[in-house]
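The values are calculated or read from the model by the stated rules, or taken from the named source; none is laboratory data. The model shown is predicted, which means the values in this text are computed figures rather than measured ones. Because the Cβ atoms are built from the backbone with ideal geometry, glycine has one as well, and the counts that use them run over all protein chains shown. Ligands, DNA and RNA are excluded from the accessible area calculation, which covers all protein heavy atoms including side chains. Shrake-Rupley method; radii C 1.70, N 1.55, O 1.52, S 1.80 Å.
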Amino acid sequence: QICGEDYRWWWRSFSTGGATALYVYLYSFHYFKQLHINSNATYVLYFGYMALLCLALFLITGSVGMMSSLWFNKKIFGSIKID
């Protein structure tokens with residue numbers, strides 16, 4: 001992306017870091033199969049809270065991924081000497 005001068009690298013680094021949340025949400029379906037279900041409210045509560053948790057995880061890991069990519073870009077382009 002850097003060689004191709006892609007100015008949308010911000011979004012790609014954010015979504016790559018946040019992809020962990022998608023994995024966690026998909027794993028929650030596997031874990032839910034192992035639980036004993038009593039009512040339909042269990043479905044709503046479990047998947048509702050997991051969606052909120054995964055949204056927060058997406059924002060946190062996406063921000064860390066974007067900020068580390070920004071730091072890396074500033075570091076490598078800051079070391080270039082222009083004569």
Checklist entry - Given the conditions (1) open to solvent by 60 Å² or more (accessible area, probe 1.4 Å); (2) of a type in the set (A, V, I, L, M, F, W, C); (3) touching a helix residue (DSSP H, G or I) at 6+ places or on another chain (Cβ under 8 Å), and given that Val24 satisfies all but one, which numbered condition is not satisfied? => result (1)
Checklist entry - Taking the stretch 32-44 only, how many residues are in a helix (DSSP H, G or I) and open to solvent by 100 Å² or more (accessible area, probe 1.4 Å)? => result 3
Item to check | Scan of the stretch 1-41 for residues that are among the hydroxyl-bearing types (Ser, Thr, Tyr) and free of Cβ contacts under 8 Å to residues at least 40 places away in the same chain, ordered by number | outcome: Tyr7, Tyr23, Tyr25, Tyr27, Ser28, Tyr31, Ser39
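Quick one: which of Lys74, Lys81 is closer than 23 Å to Arg8 by Cα and free of Cβ contacts under 8 Å to residues at least 12 places away in the same chain?
Step by step, each of Lys74, Lys81 is checked, and only Lys74 is closer than 23 Å to Arg8 by Cα and free of Cβ contacts under 8 Å to residues at least 12 places away in the same chain.
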Next on the checklist: Looking at the structure I just gave you, is Leu55 free of Cβ contacts under 8 Å to residues at least 40 places away in the same chain and not in a loop (DSSP other than H, G, I, E, B)?
Outcome noted: yes
Item to check | Residue that is farthest from Phe14 (Cα to Cα) [pool: residues in the stretch 45-58 that are open to solvent by less than 90 Å² (accessible area, probe 1.4 Å) and of a type in the set (A, V, I, L, M)] | outcome: Met50
